[in-house]
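**Q** I have a structure here, written as structure tokens, and I will follow up with some questions on it.
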Amino acid sequence: MSQGVGVNLQDVWIRFGDFVAVREANVDIEGGSFFSFLGPSGCGKTTILRAVSGFLEPSDGKILIGGNDMAGIGPNKRPTALIFQNLALFPLMKVWENITFSLEVQGVGAADRRKRADELLDMIALAGQGDKLPSELSGGQKQRVAIARALCASPDVLLLDEPLSALDLKLRQHMRTELRQIQQRVGITFIYITHDQGEALTMSDNVAVMRHGIIDQIADGQSIYDDPATPFVASFVGENNVFRGKVKSIENGMAIISTNRTGDLHARVGTSARETMKVGDKAMIFIRPEALSIAETNSASNHRIKALVTNEEFEGQAYNVFLEGGEGKEIKMSLVNQGKIRQSSMGKDMFLEYDPEQSIVLPEGELANE
Amino acid sequence: MKRTGFMSEFFERNGLALGLYLLLAVGFWVFILILLPQLSMLDFSFRHHLPPPEMGGPKDVYTLEHYKFLVLGAQGADSSYNAVDLGVFVRTLLAALFVTLLDLALCYPLAYYLGQSNGGGFVRVLVLLLIIPYWVNEILRAFAFRIIFGDSGVINELLISMGMIGSPIDFIRENVALYSGLGYAYILLMIFPIYNVIESLDRNQIEAARDMGAPWWRIHWRVVIPYAKPGISSGCTMVFMLTAGALAAPQILGGPSSLWFTQIIYQWFNQGGNWPRGAAYAIVLLIVCIFIVLSMMRLFKVKMGDIGK
């Protein structure tokens, strides 16, 4: 397989009048990798995609595809193919004509196009459906036709704008796996836009997390989840319990934070704050629900939080226990369902234990959905 | 059985009063206002032109004489067919076709712009600007065109003052005024059906085609026009039918040598007082126009149901 063509954004700014949609984006996307932009709606991720595909020009900065500056090159001249959120299949063309439209544009004869369409239909497991109209296909099938149509042009970079968002949950999870497999098979660069962190984490080699036009962090999925760079990333990707406090001491990358309601908490300083965090700074500690456990009754550990159980719910694979004691919000703890009947502890005080290595402290900042 | 089921469901849904009103209104519209007059015209066209006392008498029998007259001309004339009337007939249809294509060429880009720009307020102003001139009645508009295109009209004055021509051009004689007037008269009926269809076209489809390397003309040829076809055919049908049947504009704007077929029909009805012949001519015009529209629809693979959209 080819090495793939990389995409670079260098100091890219995109403004609409006074509104800054993208602020100083610097992204290096490795050729042949699966790269996701993850963020809430309105964070500028679609704007970046449109700039890479050529539908709009950055106000400042450069976009390079395969090392070539794309300034002034229109979408029809770029080695990119875009899959739209609503797929944008042509409703009046048959499936095979849809798939090979890019070849039609290049002047390829009908017989050759039909042949190529049949190959691609085989690949997406829709053999023999070429003469149908898009409206006669199911949601998942349309999805696959859109992918085949985009791949038919043999693009160097495939751009996907939340193409799975219209599908139901089961199909969406299935399509994630399928997309990842297709990407590995064709070996070209995929740039994927999504607000769904599950999609971003499962499929991508690297993820860029965005908010208000700013890229907060670019890293692989596990680093994003385990070592978020900002409070926004920590609270947007996955669930997190937030505790606020002041830094009391820092030693060897571990900090002690004094909080009002939960006493002193021990936590690892996030990599992004290693150099800058000082004693006395306002800080936020993030502990994931699955990193909490019920403390052994006679445990002498000082990594404990005492809190009142206010609610319990059964989710199938896990029990969620909600406790009073966080900052404003309740604390959530997830316990893996091990098939044992659990005694309810509603209304009782409970000691929770946490692992300081899995607790991240970051300088105070904006949280998601505040 | 099925029919009564449909009827009772119709009344159940709308109530007796509203249901009756709807049935009567539609019935009145279709039978009294459309079918009956047309049928009586058809009847007229097959009768002899007789003075009133002889109507209903023994001489009042069905005949094809008026249809024959349109094709063959008066008996004993020098030519073996009615060259004048047939010539006007064919010229009228060709001119109507020309006006239709002219309107289509003018309206498609405009309708595309209006339909695809989500400019909001600005587009609404544009649409309003298109509609308001139609508050002015047809006669006034036609005479306004006559003034604009006249020897000392705005256009000639402008061209002369710019030094592009030495003496005024006779736009009336050259039929420029007529085609402009006819083209303008029904232009809205072309714009709005196309605009309505294109407005519902997903912009992403255009962008998708562009992304796949299509130049603008191919985007229109393969994506926009096929989608807009129902609107285009609906607009073309209306403009063609109404232009071929127009009377005021040809009367006012037509050059001295050009006659519109409707003017001949009008003459038979009015000056000639020969209603059966006028009716026959009108029926032929109607049927040929319907035939042309239906064959065009077949040629461009448009279904009747699409036009209603």
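The values are calculated or read from the model by the stated rules, or taken from the named source; none is laboratory data. Predicted model, so just to flag it, every value in this text is computed and none were measured. With ideal geometry, Cβ positions are generated from the backbone for all residues, glycine too; neighbour counts draw on all protein chains shown. All accessible areas refer to the heavy atoms of the entire protein, side chains included, with ligands and DNA or RNA removed. Shrake-Rupley method; radii C 1.70, N 1.55, O 1.52, S 1.80 Å.
**Q** Give just the number: which of (1) within 13 Å of chain B (Cβ to nearest Cβ); (2) farther than 25 Å from residue B:227 by Cα does residue A:119 not satisfy?
**A** Every condition holds for residue A:119 apart from (1).
**Q** While we're on this one: Taking the condition of being of a type outside the set (Val, Ile, Thr) and either touching a residue at least 40 places away in the same chain (Cβ under 8 Å) or not in a helix (DSSP H, G or I) (or both), how many residues in the range A:105-122 meet it?
**A** Of all residues in the range A:105-122, those of a type outside the set (Val, Ile, Thr) come to A:106-107, A:109-122.
Among the residues that remain, those that are also either touching a residue at least 40 places away in the same chain (Cβ under 8 Å) or not in a helix (DSSP H, G or I) (or both) are: A:106-107, A:109.
Result for the range A:105-122: 3.
**Q** Shifting gears a bit: Looking at B:165, B:139, B:172, which one is touching a helix residue (DSSP H, G or I) at 6+ places or on another chain (Cβ under 8 Å), open to solvent by 30 Å² or more (accessible area, probe 1.4 Å) and outside any helix (DSSP H, G or I)? Break it down into steps so the answer makes sense when it comes.
**A** Working: B:139 fails: outside any helix (DSSP H, G or I); B:172 fails: open to solvent by 30 Å² or more (accessible area, probe 1.4 Å).
Matching residue, one of B:165, B:139, B:172: B:165.
**Q** It is to be established whether one or more residues within the range A:248-270 are in contact with a helix residue (DSSP H, G or I) (Cβ under 9 Å, 6 or more places away or on another chain), touching a residue at least 40 places away in the same chain (Cβ under 8 Å), open to solvent by 50 Å² or more (accessible area, probe 1.4 Å) and within 18 Å of residue A:329 (Cβ to Cβ).
**A** No, because not a single residue in the range A:248-270 is in contact with a helix residue (DSSP H, G or I) (Cβ under 9 Å, 6 or more places away or on another chain), touching a residue at least 40 places away in the same chain (Cβ under 8 Å), open to solvent by 50 Å² or more (accessible area, probe 1.4 Å) and within 18 Å of residue A:329 (Cβ to Cβ).
**Q** Which members of the range A:138-176 meet the condition of being of a type in the set (A, V, I, L, M) and part of a helix (DSSP H, G or I)?
**A** So the first thing to find is which residues in the range A:138-176 are of a type in the set (A, V, I, L, M), and the list is A:145-148, A:150-151, A:153, A:157-160, A:164, A:166-167, A:169, A:171, A:175.
Across the range A:138-176, the qualifying residues are A:145, A:146, A:147, A:148, A:150, A:151, A:169, A:171, A:175.
**Q** Quickly run through the range A:233-246 and pick out the residues that are open to solvent by less than 10 Å² (accessible area, probe 1.4 Å) and touching an Asp or Glu at 6+ places or on another chain (Cβ under 8 Å).
**A** Matches in the range A:233-246: A:233, A:243.
**Q** Quick check on my filter: what residues within the range A:52-77 are more than 30 Å from residue A:172 (Cα to Cα), among the hydrophobic types (A, V, I, L, M, F, W, C) and within 8 Å of another protein chain (Cβ to nearest Cβ)?
**A** Taking the range A:52-77 and keeping what is more than 30 Å from residue A:172 (Cα to Cα), we get A:57-64, A:66-74, A:77.
Remaining after also requiring among the hydrophobic types (A, V, I, L, M, F, W, C): A:63-64, A:70-71, A:73.
The answer is none; no residue qualifies.
**Q** Are any residues in the range A:63-104 of a type in the set (A, V, I, L, M) and free of Cβ contacts under 8 Å to residues at least 60 places away in the same chain, and if so, which ones? Walk me through it before giving the result.
**A** Step one: list which residues in the range A:63-104 are of a type in the set (A, V, I, L, M), which gives A:63-65, A:70-71, A:73, A:81-83, A:87-89, A:92-93, A:95, A:99, A:103.
Passing the criteria: A:63, A:64, A:70, A:71, A:73, A:88, A:92, A:93, A:95, A:99, A:103.
**Q** Whether any residue in the range B:182-205 is open to solvent by less than 30 Å² (accessible area, probe 1.4 Å), over 30 Å from the mean Cα position of the chain (by Cα) and within 14 Å of another protein chain (Cβ to nearest Cβ) is what I want to check.
**A** So far as the range B:182-205 goes, yes, one or more of its residues are open to solvent by less than 30 Å² (accessible area, probe 1.4 Å), over 30 Å from the mean Cα position of the chain (by Cα) and within 14 Å of another protein chain (Cβ to nearest Cβ).
**Q** Quick one: is residue A:319 in a helix (DSSP H, G or I) and open to solvent by 40 Å² or more (accessible area, probe 1.4 Å)? First the steps, then the outcome.
**A** Values: in a helix (DSSP H, G or I): no; open to solvent by 40 Å² or more (accessible area, probe 1.4 Å): yes.
No, not satisfied.
**Q** Here's something else I'd like to know. Of the numbered conditions (1) of a type in the set (D, E, K, R); (2) closer than 27 Å to residue A:89 by Cβ; (3) free of Cβ contacts under 8 Å to residues at least 40 places away in the same chain, residue B:298 satisfies every one except a single condition; which is it?
**A** Going through (1) of a type in the set (D, E, K, R); (2) closer than 27 Å to residue A:89 by Cβ; (3) free of Cβ contacts under 8 Å to residues at least 40 places away in the same chain one by one, residue B:298 breaks only (2).
**Q** Which of the residues belonging to the range A:1-39 are modelled with pLDDT of 90 or more, closer than 23 Å to residue A:177 by Cβ and open to solvent by 70 Å² or more (accessible area, probe 1.4 Å)?
**A** The answer is A:30, and nothing else.
**Q** Then there is this: List pairs: first residue in the range B:209-229 and within 7 Å of chain A (Cβ to nearest Cβ), second residue acidic (Asp, Glu) anywhere in the structure, Cβ distance under 9 angstrom, at least six positions apart or on different chains.
**A** Partner pairs satisfying both residue conditions: B:212/A:104; B:214/A:104; B:218/A:104.
**Q** Filter the range A:200-227 down to the residues that are in contact with a Lys or Arg (Cβ under 6 Å, 6 or more places away or on another chain) and either open to solvent by less than 10 Å² (accessible area, probe 1.4 Å) or in contact (Cβ under 8 Å) with a residue 40 or more places away in the chain (or both) and list them by number.
**A** Of all residues in the range A:200-227, those in contact with a Lys or Arg (Cβ under 6 Å, 6 or more places away or on another chain) come to A:202-203, A:210, A:213-214.
Residues satisfying the conditions are A:203, A:210, A:213, A:214.
**Q** With the requirement that a residue be surrounded by 15 or more Cβ atoms within 10 Å (Cβ to Cβ) and either at pLDDT below 80 or of a type in the set (Asp, Glu) (or both), what does the range A:322-347 give you? Steps first, answer last, please.
**A** Taking the range A:322-347 as the starting set, the residues that turn out to be surrounded by 15 or more Cβ atoms within 10 Å (Cβ to Cβ) are A:322-323, A:325-327, A:330-335.
Residues satisfying the conditions are A:325, A:326, A:327, A:330.
**Q** OK, next. Can residue A:165 be described as modelled with pLDDT of 90 or more and among the polar types (S, T, N, Q)? Walk me through how you get there before you give the answer.
**A** On the way: modelled with pLDDT of 90 or more: no; among the polar types (S, T, N, Q): yes.
No, not satisfied.
**Q** One residue is enough: does the range A:139-146 have a residue meeting the conditions within 12 Å of another protein chain (Cβ to nearest Cβ), surrounded by fewer than 21 Cβ atoms within 10 Å (Cβ to Cβ) and not small (Gly, Ala, Ser)?
**A** No, the range A:139-146 has no match at all.
**Q** How many residues does the range B:211-228 contain that are over 16 Å from residue A:93 (Cα atoms) and either at pLDDT 95 or above or crowded, with 17+ Cβ neighbours inside 10 Å (or both)? Walk me through how you get there before you give the answer.
**A** Filtering the range B:211-228 down to residues over 16 Å from residue A:93 (Cα atoms) leaves B:211, B:213, B:215-217.
Right, trim to either at pLDDT 95 or above or crowded, with 17+ Cβ neighbours inside 10 Å (or both) and you get B:211, B:213.
Residues meeting the conditions: 2.
**Q** Return the residue satisfying two criteria in turn: it lies in the range A:348-364 and is more than 12 Å from residue A:270 (Cβ to Cβ) and of a type in the set (A, V, I, L, M), and of such residues it is modelled with the highest pLDDT.
**A** A:352
**Q** Would you point out the residue of the range A:78-115, among those that are more than 11 Å from chain B (Cβ to nearest Cβ) and surrounded by 19 or more Cβ atoms within 10 Å (Cβ to Cβ), that is farthest from residue A:153 (Cα to Cα)?
**A** Here is the first cut: in the range A:78-115, the ones more than 11 Å from chain B (Cβ to nearest Cβ) are A:94-96, A:108-115.
Checking the rest, the ones that are also surrounded by 19 or more Cβ atoms within 10 Å (Cβ to Cβ) come to A:95-96, A:113.
On the way: A:95: 15, A:96: 13, A:113: 11 Å.
Looking at the filtered set, the residue picked out is A:95.
**Q** Give the residues of the range B:230-263 that are hydrophobic (A, V, I, L, M, F, W, C), touching a residue at least 40 places away in the same chain (Cβ under 8 Å) and surrounded by fewer than 21 Cβ atoms within 10 Å (Cβ to Cβ), sorted by residue number. Let's see the steps before the verdict.
**A** Here is the first cut: in the range B:230-263, the residues hydrophobic (A, V, I, L, M, F, W, C) are B:232, B:236, B:238-242, B:244, B:246-249, B:252-253, B:259-261.
Next, only the ones that are touching a residue at least 40 places away in the same chain (Cβ under 8 Å) stay: B:232, B:236, B:238-242, B:244, B:246, B:248-249, B:252-253, B:259-261.
B:238, B:241, B:242, B:248, B:252, B:259 - these are the residues of the range B:230-263 that are hydrophobic (A, V, I, L, M, F, W, C), touching a residue at least 40 places away in the same chain (Cβ under 8 Å) and surrounded by fewer than 21 Cβ atoms within 10 Å (Cβ to Cβ).
**Q** Conditions: (1) farther than 20 Å from residue A:31 by Cα; (2) surrounded by fewer than 22 Cβ atoms within 10 Å (Cβ to Cβ); (3) out of contact with any His (no Cβ under 8 Å at 6 or more places or on another chain). Residue A:187 meets all but one. Number of the miss?
**A** It fails just one condition, (1).
**Q** Among the numbered criteria (1) part of a strand (DSSP E or B); (2) under 31 Å from the mean Cα position of the chain (by Cα), which single criterion is violated by residue A:306?
**A** Failing condition for residue A:306: (2).
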